[in-house]
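Participant: Take this structure first; my questions come after.
The values are calculated or read from the model by the stated rules, or taken from the named source; none is laboratory data. Keep in mind that this is a model prediction, so the values were computed, not measured. A quick note on method: Cβ atoms are made from the backbone with ideal geometry, for glycine too, and the neighbour counts reach across all protein chains shown.
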Amino acid sequence: MSPRSTQPRSSFEDSPVDDPDRVPTVETVLVPVDGSDESTRAVEYAIAIADRYDAGLEALYVLGEEVVRAIEQERIEGDAVAENNRAYLQTIEEMATDRDVPVSTMIAYGFSTQRKTQHPGSVVLDVAEENDADFLVIPREPQTDEPDVLEKAAEYTLLYASQPVLSV
C-alpha cells in the first residue's frame, strides 16, 4: 500500500486559471437586445464582463417578426422603427462609455419572410460567428406576460453557440 498524500487535492488541479497561458481571453462580448427591460439587464452584465476582460462590446438590436412584417407590408415606417432602435442603442453606448468599454452597435432582422431558417436565435449566432464574438450575454424569458423578441432566442443560443453564453 502506498501512503496517502497529506496535501489536499483540488478538483480544479488542471484549471486554466492556474496556468496564465491557458486563461481564457475575451476580446468581444456580444449582447443581443430587443429594447426590453430584460435586454437592459443583459447589457449591464455584458458591460461588466467586457470591462473585467478589457474587451469590446457589440450590441445587436434584433427586430421581431411583427415589426419586420409591418415594415414589409408598409404598415409602419422603417425610418421610425430605426429611430426608436437607434435611441435605445444610444443609451447602450452611453452606458458602455461610462465604464470606458468600447462599443459598436448594429440592427438586424430577426425574422425573414424569404428565409424560413432565419429567426432571432440563428441571427444572434450568425452575427457572433461573423464578428468573432468570444462571449455572449443573452436575456432570458421576460418577467411579464409580454413576449419579447429574444425570449425564443435564449434557448436556441444556449444549445447551439460555440462560445460561452451567460443567460440573464
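Participant: I'm checking my understanding of the structure. Among residues of segment 89-105 that are in contact (Cβ under 8 Å) with a residue 40 or more places away in the chain and either of a type in the set (D, E, K, R) or more than 15 Å from Ile47 (Cα to Cα) (or both), which one is surrounded by the most Cβ atoms within 10 Å (Cβ to Cβ)?
Facilitator: For segment 89-105, the residue satisfying everything is Arg99.
Participant: Then there is this: Does segment 38-58 include one or more residues that are hydrophobic (A, V, I, L, M, F, W, C), out of contact with any Ser or Thr (no Cβ under 8 Å at 6 or more places or on another chain) and at pLDDT below 90?
Facilitator: No, segment 38-58 contains no residue that is hydrophobic (A, V, I, L, M, F, W, C), out of contact with any Ser or Thr (no Cβ under 8 Å at 6 or more places or on another chain) and at pLDDT below 90.
Participant: Restricting to segment 21-65, what's the tally of residues that are in a strand (DSSP E or B) and farther than 17 Å from Val103 by Cα?
Facilitator: Here the count works out to 1.
Participant: Somewhere in segment 103-112, is a residue at pLDDT 95 or above, aliphatic (A, V, I, L, M) and under 15 Å from the mean Cα position of the chain (by Cα)?
Facilitator: yes
Participant: Follow-up. Among the residues of segment 129-168, which ones are closer than 14 Å to Val33 by Cβ, in contact with a Pro (Cβ under 9 Å, 6 or more places away or on another chain) and either modelled with pLDDT under 85 or surrounded by 21 or more Cβ atoms within 10 Å (Cβ to Cβ) (or both)?
Facilitator: Leu136, Val137, Ile138, Pro139, Asp148, Val149, Leu150, Glu151, Ala153, Ala154, Thr157
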